[in-house]
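Single-structure report; data block below.
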Amino acid sequence: MYIRILLHCCSTTRLLALKQCIAALLKGAKYVPYQDSVLTQLLQMALGGGARRTAVVVTASMESRHAVETIQTLRFGEKCARVRHAGGAQGDVSPAVFATSAIASLNAQLQGLEEQIAREERWEDGIPVGAEDLRARYEELVERRRVLFGR
């Protein structure tokens with residue numbers, strides 16, 4: 001039972017992040033929170049204009065006990081249908097080029113963090129201190145790169 005609840009919470013969090021991205025795109029916001037979820041990171045090219053067309057499939061139930069969820073799902077589908085791609089040069093970028101660019105960007109950020117950690121970190125009684133936030137950011141970027149590689 002615990003695993004079922006945990007899976008529901010994780011999928012709910014991912015779907016909430018997707019909903020926030022769709023809302024930001026509909027508002028024409030300059031910032032879209034793709035990094036909030038692995039799901040939205042993977043869908044960034046499709047949602048943000050890197051694809052010429054994007055299909056969103058929503059599923060619904062005819063059972064009355066699922067009526068509230070069905071209505072919410074259909075409304076979400078309507079919002080997705082209103083998103084328009086920016087087109088232009090970004091639409092011509094292939095997924096392989098985008099992935100290569102994203103990995104190169106992550107590698108550059110990681111290298112910069114390594115240099116910053118080396119400058120700011122010091123050892124006290126055999127324990128590294130002074131760059132805890134930088135190390136946390138570094139681990140986050142390493143995980144993001146791992147996800148892009150599919151490992």
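Subtract the Cα-Cα distance of ARG137 and ARG84 from 0.36 nm times their separation in residues, and report this length gain in nm to one decimal.
Full extension of this stretch gives 15.8 nm more.
Straight-line reach from LYS79: which aspartates and glutamates fall under 19 Å, measuring Cα to Cα and dropping same-chain residues less than 8 apart?
Answer for LYS79, where 19 Å is the Cα cut-off: GLU69, listed by chain and number.
Would you mind getting me the FRET efficiency between ARG53 and PHE149? Use the beta-carbon distance for r and R0 = 22 Å, nearest 0.05. Don't skip to the answer; put the middle values down first.
On the way: r = 27 Å, r/R0 = 1.23.
With R0 = 22 Å, the Cβ-Cβ based efficiency is 0.25.
What is the magnitude of the charge dipole of segment 95-149 about its Cα centre, with +1 placed on the Cβ of each Lys and Arg, -1 on the Cβ of each Asp and Glu, and no other charges, expressed in debye to the nearest 20?
Value, rounded to 20: 380 debye.
Compute the length gained on full extension between TYR31 and SER64: take 0.36 nm times their separation in residues and subtract their Cα-Cα distance, giving the result in nm to one decimal.
The TYR31-SER64 span can extend by a further 8.1 nm.
No value in this document is a laboratory result; all are computed from the given coordinates. Note that this is a predicted model, so its numbers are computed, not measured. Backbone-built Cβ (ideal geometry, glycine too); neighbour counts: all protein chains shown.
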